[in-house]
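Okay, structure first, notes after.
The values are calculated or read from the model by the stated rules, or taken from the named source; none is laboratory data. It should be emphasised that the depicted structure is a prediction, and the values quoted were computed from it without experimental measurement. Using ideal geometry, Cβ is built from the backbone for each residue, glycine included, and neighbour counts are taken over all protein chains shown. With ligands, DNA and RNA removed, areas are computed over all heavy atoms of the protein, side chains included. Shrake-Rupley method; radii C 1.70, N 1.55, O 1.52, S 1.80 Å.
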Amino acid sequence: MSEHIKCLIIGSGPAGYTAAIYAARANMAPVMYMGLQPGGQLTITNDVENFPGYADGVMGPEMMEDLKKQATRFGTDIRYGIATAVDFTVTPRKITIDETLELTADTVIIATGASAKWLGIPSEARLNGSGVSACAVCDGFFYRGQEVAIVGAGDTAAEEATYLANLCSKVTMIVRKGEMKASKIMQKRVLDNPKIEVLFDTVTDEILGEHAVEGVRVKNLLTQETREIALTGFFVAIGHEPNSKIFQPYLTHDEQGYLKTIPGTSKTNIDGVFACGDVQDYTYRQAVTAAGTGCMAALDAERYLAALGVH
């Protein structure tokens with residue numbers, strides 16, 4: 001059995017939901033498959049203070065629920081499921097959901113976002129879920145009053161370190177270089193917080209513990225000295241990689257896997273296939289820019305359908 005869809009949206013973050021809102025209001029009968037992480041990265045974000053319209057800020061999951069309700073209100077068919085394969089060499093385009101359901105679509109909007117990167121050390125994988133986490137907002141509650149560490153140097157790491165400091169007795173922030181990459185305001189928040197200790201020029205040598213995190217061994221890159229720090233939680237915030245693997249054989253992408261779009265549009269190198277949000281944005285990666293490109297994708301898809309005479 002195969003189902004034909006006029007406008008298929010893959011992914012459900014700010015980009016996907018915004019595309020759904022615009023597509024639904026344009027009578028494009030959009031169908032959205034939410035993917036592995038319904039709501040995207042903002043579901044693991046604490047306070048969102050920089051999205052226009054939320055004067056007092058908003059919790060990331062609450063914001064995603066607002067967008068979901070808005071998309072549903074206009075008639076978007078929102079479904080659980082993951083796109084596991086595509087074939088963009090045929091028209092209409094072919095998409096497989098959960099390895100079993102085959103779909104065809106006149107237009108495809110890719111809004112699959114990006115996923116957290118890991119350090120890649122064996123103890124990290126072994127203790128994942130037993131003290132190792134890539135989501136401070138998800139798991140920080142379990143470490144109230146305890147000592148934890150976080151690896152990273154960007155805005156996400158700084159935000160999560162600050163969040164953890166509100167819950168934990170101490171946060172050790174491990175930064176590979178001699179400075180942070182985070183914005184100045186986020187750096188100031190971290191450095192001014194008495195509960196956060198930043199270890200510059202330092203890397204994680206090993207996460208300690210057999211069945212649960214008991215500490216971390218770190219190495220100073222300047223002195224080559226190692227030391228062990230007792231703690232119960234270890235958080236990783238070293239960046240993300242685009243969720244684009246199944247599309248890469250067909251769509252132009254950069255060396256990191258971010259999908260390339262024609263400048264000023266959401267159009268990929270394949271007609272009728274559009275990309276928006278973090279899967280194609282390695283520069284800004286903000287909720288508001290994702291939403292903007294979601295709007296662009298829906299408008300581009302609408303014009304594409306109109307040119308084909310599909311109503």
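Return yes when G16 is within 15 Å of the chain's Cα centre (by Cα), within 24 Å of Y258 (Cα to Cα) and outside any loop (DSSP other than H, G, I, E, B) and no when it is not. The answer is yes for G16. Please work out if G81 is in contact (Cβ under 8 Å) with a residue 12 or more places away in the chain and open to solvent by less than 20 Å² (accessible area, probe 1.4 Å). Yes, satisfied. Mind checking whether some residue in region 252-272 is of a type in the set (G, A, S), surrounded by fewer than 24 Cβ atoms within 10 Å (Cβ to Cβ), touching a strand residue (DSSP E or B) at 6+ places or on another chain (Cβ under 6 Å) and touching a residue at least 40 places away in the same chain (Cβ under 8 Å)? So far as region 252-272 goes, yes, one or more of its residues are of a type in the set (G, A, S), surrounded by fewer than 24 Cβ atoms within 10 Å (Cβ to Cβ), touching a strand residue (DSSP E or B) at 6+ places or on another chain (Cβ under 6 Å) and touching a residue at least 40 places away in the same chain (Cβ under 8 Å). Just one of the listed residues (A29, A23) is on the phi > 0 side of the Ramachandran plot and over 20 Å from the mean Cα position of the chain (by Cα), namely A29. Summed over region 240-251, the residues that are under 14 Å from S115 (Cβ atoms) and open to solvent by less than 80 Å² (accessible area, probe 1.4 Å) give a count of 5. At least 1 residues being more than 30 Å from G81 (Cβ to Cβ), more than 19 Å from the chain's Cα centre (by Cα) and among the hydroxyl-bearing types (S, T, Y) is the threshold, and among the strands (runs of 3 or more DSSP E) wholly inside region 101-219 those reaching it are 170-174, 202-208. Residue-level check: of (1) buried (at least 18 other Cβ atoms within 10 Å of the Cβ); (2) touching a residue at least 12 places away in the same chain (Cβ under 8 Å), A230 misses just (1). Return the total of residues in region 216-255 being at positive phi and among the small types (G, A, S). Summing the residues that are at positive phi and among the small types (G, A, S) in region 216-255 gives 1. No other residue among E147, E159, E179 is closer than 20 Å to D201 by Cβ and either at pLDDT below 95 or among the acidic types (D, E) (or both) apart from E179.
Yes/no matrix, rows are residues, columns are (1) touching a His at 6+ places or on another chain (Cβ under 9 Å); (2) without any contact (Cβ under 8 Å) to a residue 24 or more places away in the chain; (3) surrounded by fewer than 20 Cβ atoms within 10 Å (Cβ to Cβ):
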residue: L36; (1), (2), (3): no, no, yes
residue: L42; (1), (2), (3): no, no, no
residue: M59; (1), (2), (3): no, yes, yes
residue: F74; (1), (2), (3): no, no, yes
residue: V90; (1), (2), (3): no, yes, yes
residue: D106; (1), (2), (3): yes, no, yes
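Yes/no per residue for (1) surrounded by 24 or more Cβ atoms within 10 Å (Cβ to Cβ); (2) under 15 Å from C7 (Cβ atoms):
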| position | (1), (2) |
| --- | --- |
| A275 | yes, yes |
| D278 | yes, no |
| R285 | no, no |
| A291 | no, no |
| C295 | no, yes |
| L299 | no, yes |
| R303 | no, yes |
| V310 | no, yes |
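Of the residues making up region 84-99, one or more are in contact with a strand residue (DSSP E or B) (Cβ under 6 Å, 6 or more places away or on another chain) and small (G, A, S). Within region 201-224, restricting attention to residues that are open to solvent by less than 40 Å² (accessible area, probe 1.4 Å) and among the small types (G, A, S), which residue is farthest from K177 (Cα to Cα)? In this case the residue turns out to be G209.
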